[in-house]
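Scroll down for the structure; my scribbles are underneath it.
The values are calculated or read from the model by the stated rules, or taken from the named source; none is laboratory data. The shown structure was predicted, so the numbers you read here are calculated from the model rather than taken from an experiment. Neighbour counts are summed over all protein chains in view; Cβ atoms, including those assigned to glycine, are modelled from backbone coordinates with ideal geometry. Heads up: the accessible areas ignore ligands, DNA and RNA and are worked out on the full protein's heavy atoms, side chains in. Shrake-Rupley method; radii C 1.70, N 1.55, O 1.52, S 1.80 Å.
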Amino acid sequence: MKTILIVEDEKDIRTSLQEIFLNENFNALTASDGTEGYQIALSQQPDLILSDIIMPGMSGFELLEKLQSEPNTAVIPVIFLTGMVEIENMRKGMDCGADDYLLKPFRIDDVLNSINARLKKTEIYNSVIDEFKNSLVQKTSHEMRTPLVGILGFAQLLSENFETISRKEHRQFIENINASGKRLYRRIEKFL
């Protein structure tokens, strides 16, 4: 179940949205101003934030800026839901990093469509990131293991057969360990 944080100073709007979201199978958290919304966002890590702009204390713009300065909340989609119809305010909201800007009075279908679109986009993004991580782990583990197996194998041969192998074989084993070590070092550097 996805969690939506509603940051709205008008109690009637906040309560109505919470009820609608609960009926739409969302977990709905509420905050009456930006300061409370910020604290809830930090502690609860919602999947999406729906915020008014003009509120006592911390405005929606300030809330968004603070959220984007925190690594754990920077990628949470934020949708502004506001009565501020001036183009400059819309532009400021989008320039601050808002994902959408919906005007009051709003149609609930528009709000739900915007929320679902942002959540789907986040889901796709997370899927791509997970796929990349898995691919990176698989490639990296193989790339690191191959030279490490060479190092360990030749070291074990040297250790177990130290007295019985020739000086020439000693040198060859040491050169192979050195070459594998350099290969492993290059792969680690490339990875980093």
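Looking only at residues in region 162-192 that are within 42 Å of the chain's Cα centre (by Cα) and aliphatic (A, V, I, L, M), which one is most open to solvent (accessible area, probe 1.4 Å)? Within region 162-192, the match that is most open to solvent (accessible area, probe 1.4 Å) is Leu192. In region 139-152 there is no residue matching the filter, namely being farther than 30 Å from Gly181 by Cα and assigned to a helix (DSSP H, G or I). Scanning region 26-43 for residues that are surrounded by fewer than 19 Cβ atoms within 10 Å (Cβ to Cβ), small (Gly, Ala, Ser) and not in a helix (DSSP H, G or I) turns up just one, Ser32.
Okay, residues lined up against (1) of a type in the set (A, V, I, L, M, F, W, C); (2) more than 30 Å from Glu175 (Cα to Cα); (3) open to solvent by less than 50 Å² (accessible area, probe 1.4 Å); (4) at pLDDT 80 or above:
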{"site": "Leu102", "(1), (2), (3), (4)": "yes, yes, yes, yes"}
{"site": "Arg107", "(1), (2), (3), (4)": "no, yes, no, yes"}
{"site": "Ser114", "(1), (2), (3), (4)": "no, yes, yes, yes"}
{"site": "Asp130", "(1), (2), (3), (4)": "no, yes, no, yes"}
{"site": "His142", "(1), (2), (3), (4)": "no, no, no, no"}
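Taken over region 4-25, the criterion of being out of contact with any Ser or Thr (no Cβ under 7 Å at 6 or more places or on another chain) and crowded, with 17+ Cβ neighbours inside 10 Å is satisfied by Ile4, Leu5, Glu8, Leu17, Phe21. The set of residues from region 52-74 being surrounded by fewer than 16 Cβ atoms within 10 Å (Cβ to Cβ) and among the small types (Gly, Ala, Ser) comprises Gly57, Ser69, Ala74.
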